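The structure appears right after this line, and notes come after that.
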Amino acid sequence: MVGIPNHPNWLTFARELESASDFPRVTIYINIRLSSLRFSLCKDIINHRDILLISFCNNNSLFWIMNIYSNSSHSALKYLKDSEANIPNLLIMTGDFNIHDSIWDPSFSHYSSISDNLIIIADSFNLDLSVLTN
C-alpha cells in the first residue's frame, strides 16, 4: 500500500508530500461526528515532518492535539525541546516515541537519557505521563 488510508467516516490530517520519496510518518484521524469542532492542521506553529499539531474549538476555547513520530535520532523531540513552542491547552501528546525506559516499562531494566527530554517537553506543555495499568 502506498499513501495514507482514508475512510469516509474519518477526517485525515497529514503533511503534504514535498517529493515522491517524502512520505508522511504521522497522521491524525478524527471521526467526522466531531467535525463541528473545526479541526485544523497548524503548520505555522510547528512545522516538522514528524510532528502534527491539530487545533480545534470547543465552547469558544482553542485546544490542541499533537502526534509525534520519534525516529532513531529523536529529531522530533530535539526540535520540540529547542523550539520552546508555547501551546496552551494542549490536551494530549501521543505517538511513537521509540524510547524504551524503566520509567514507564518496569520490565525494561535500563534508563534512557532521551526520556528526560520527553518528560521536559511534556512538562513544558503541562502534561502528565499516562502509564498503562492492569
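Observations on the structure shown:
- The number of residues in segment 81-129 being surrounded by 14 or more Cβ atoms within 10 Å (Cβ to Cβ), closer than 23 Å to P24 by Cα and of a type in the set (S, T, N, Q) comes to 2.
- Within segment 72-100, the set of residues being assigned to a helix (DSSP H, G or I) and among the β-branched types (V, I, T) is empty.
- For segment 96-105, filtering for residues that are touching a residue at least 12 places away in the same chain (Cβ under 8 Å) and either touching a Leu at 6+ places or on another chain (Cβ under 8 Å) or over 15 Å from N117 (Cα atoms) (or both) leaves 4.
- With respect to (1) farther than 23 Å from S75 by Cα; (2) touching a residue at least 24 places away in the same chain (Cβ under 8 Å), the lone exception for T12 is condition (2).
Quick note: the coordinates plus some simple rules give every number you see, no bench work behind them. Only a predicted model underlies this, so the values are computations on that prediction, with no experimental measurement involved. Positions of Cβ are generated from backbone atoms using ideal geometry, with glycine treated the same way; all protein chains shown enter the neighbour counts.
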